[in-house]
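Only the coordinates and a few stated rules stand behind these numbers; no lab work does. If you're wondering where the values come from, they're calculated on a predicted model, not measured in any experiment. When we count neighbours, we look across all protein chains shown, and the Cβ atoms used for this are built from the backbone with ideal geometry, even at glycine.
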Amino acid sequence: MPPEDLHSSIADLVALYRAGQIVVTPDEAEPWTILRCSRASFYRAMAKGEVPGVLTLGRTRRLQLGTLLHWLGVDIDAPGCNGNGRCHE
């Protein structure tokens, strides 16, 4: 994934969080693209309890968006993190 796409996906997650969305599905967030691992690896890590903020409802998993962003190292309160793809600058 090109670096500009990586920043866009982080910015999209921040925008969802700031819009009041509390949880997302793993497929909505696609954190494996940000972490540069496979989808299967990410799901295994969730199953092992290695990913914080995972909510399990039966066989369905959801990710707490604020916890996910924090775990990914995104400071959502930073002035430069306003949903425009520049969260890490």
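Which value, in debye to the nearest 20, gives the size of the charge dipole of the stretch 3-71 about its Cα centre, when Lys and Arg are +1 and Asp and Glu are -1 at the Cβ?
Working: 8 positive and 7 negative charges, 78 e Å.
Result for the stretch 3-71 is approximately 380 debye, rounded to the nearest 20.
For a test of the definition: using alpha carbon positions, the gyration tensor, and the 1.5 limit on a/c, classify the stretch 3-71 as rounded, prolate or oblate.
Here the stretch 3-71 falls in the oblate category.
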